[in-house]
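The values are calculated or read from the model by the stated rules, or taken from the named source; none is laboratory data. From a predicted model like this one, the values you see are computed outputs, not experimental measurements. Using ideal geometry, Cβ is built from the backbone for each residue, glycine included, and neighbour counts are taken over all protein chains shown.
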Amino acid sequence: MNAGLDFYLLAGVQIGWVIAAIVWVWKRGDEIPLILSGFLLYIFSFRFWALLEGFASSVDVSNFGFSALDFTSAADVQTMAVLGQSLLLLAYMFVQKRHITHGRITGDPALLNWLGPRVLLLALVCIPFAVLAQIYSASEIESGKVMAFESSAYIYLFPFSLISIAMLFAILWKAGGLTTFFGKGIALAIVGAVAALTFHPGARFQFIGWLLASTIIVGSGYSFGRKAATLVLGIGIALALFAVAGALRNEQVESETGLQQSTWERFAFAEDANMLDGFVLLRQIYPGVLPFDYGGAHAEILTRPIPRAWWPDKPVGGYMNKLGLTGIHTGGTLGISPSLFGSFYQEGGLAGIVILSMLYGFSFGKLISFTMRIPVITGVLIRAILCAFLIPLLRGGDLAGIYAWGFMSFWPCLLLLWLKRRDFFARIASKPAPARLAVRPASS
């Protein structure tokens, strides 16, 4: 089989997964496989096609000693990615057999009355601190400090906690917790502030994630037709803003017309979806230059929260930093995300992709099945959190950094779920009593 036929066959497999995911949404009301398969189709097969047709140029880091991307290496990466995607989705669908077909999101009125004021208080506290954190981080960058080594990641990541605020307001609105015009106006104003504070080029993958999560919340309880329309609209808005954020990275864009042209080109030709390129570059390092991590990238999730001020010799993440090509002494950091499957390859090669893809698919499936055994409002919130986390996770790269972003983004949701856990997880806490056999008394 020639290489060109390999590409079209693998692209056909990814398109087939998208079609299967659409049927899955229709049959089970579960959007997770569609988000997974759609994003992976875009960053692998679509990106590969754009490179083949000359519509996009591959990432060039030859100044660091890397070889240019060629057709054979890209085809090898696409093959491994499609294998990982197929195993992940098969494991997910094997485990997640529940139908997400509940009706309108409802919540205990007492729980909603408790939740509303606390979400508002969180917003009033977090928004000013997020503004101060952004001002401080900008001043650190302007002073020449390297954010990854000479500044607090807690301060830099704190504004992402606003993602939870937006999602909680969406849940309250959907569940009927905002009954007054004034309350809804306050919610819209705060969500608008959240969007303004989280929309910037460096966080475009996180931004598209929470927009998708909000779309999942809004579409919950709808019929298939309304849910599909909501998904199409939400994904369209998210992709458009994602492309705009990518275009804003280009300092040469000076006019509105130039911004529109750059936005369209970046989206249509997958300029920002260069995970295929990142995976090819990563394979030039593992295992020839650096040994496989064998679980070290995941173990680093536990050590990453330790501040570098407490542990100056804490191991660095990312192979560019490990090789000394970037870092505090070179004045910056650089990394081309290799997708989640590239991160799996870094852990253990092809075996790492096979094992971790099935493990992640199994875990996602169990989590979504779990959300159908708890109150509706809690289940929808947990599924929305997973959707928001999926996009940065699928992008891959520094897994410890991705999980750190996830914790800093969703700690308000997790905190409220913990504080009111008896109500949010009421159905699990009170399992039904076992049925008893009724015995009729004997007649006289």
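Brief remarks on what is shown
Per-residue answers, yes or no, for (1) in a helix (DSSP H, G or I); (2) surrounded by fewer than 20 Cβ atoms within 10 Å (Cβ to Cβ); (3) at pLDDT 90 or above:
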| residue | (1), (2), (3) |
| --- | --- |
| Leu359 | yes, yes, yes |
| Phe364 | yes, no, yes |
| Ser369 | yes, yes, yes |
| Cys387 | yes, no, no |
| Pro412 | yes, no, yes |
| Pro441 | no, yes, no |
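- Taking the criterion of being of a type in the set (Gly, Ala, Ser), modelled with pLDDT under 85 and either in contact with a strand residue (DSSP E or B) (Cβ under 8 Å, 6 or more places away or on another chain) or closer than 25 Å to Leu168 by Cβ (or both), the only residue of region 120-147 that qualifies is Ser137.
- Residue check, Leu51 under 24 Å from Glu347 (Cα atoms), surrounded by 18 or more Cβ atoms within 10 Å (Cβ to Cβ) and among the aliphatic types (A, V, I, L, M): no
- Count of region 74-131 residues, restricted to those that are under 25 Å from the mean Cα position of the chain (by Cα), farther than 30 Å from Gly278 by Cα and among the polar types (S, T, N, Q), is 2.
- Asp277 being assigned to a helix (DSSP H, G or I), modelled with pLDDT of 85 or more and surrounded by 18 or more Cβ atoms within 10 Å (Cβ to Cβ): yes
- Every pair of residues 6+ apart whose Cβ atoms lie under 8 Å, when the first sits in region 392-417 and is on the phi < 0 side of the Ramachandran plot and without any contact (Cβ under 8 Å) to a residue 60 or more places away in the chain while the second is outside any helix (DSSP H, G or I) and buried (at least 20 other Cβ atoms within 10 Å of the Cβ): Ile402/Gly396
- Val13 being at pLDDT below 85, of a type in the set (A, V, I, L, M) and either surrounded by 12 or more Cβ atoms within 10 Å (Cβ to Cβ) or over 28 Å from Gly221 (Cβ atoms) (or both): no
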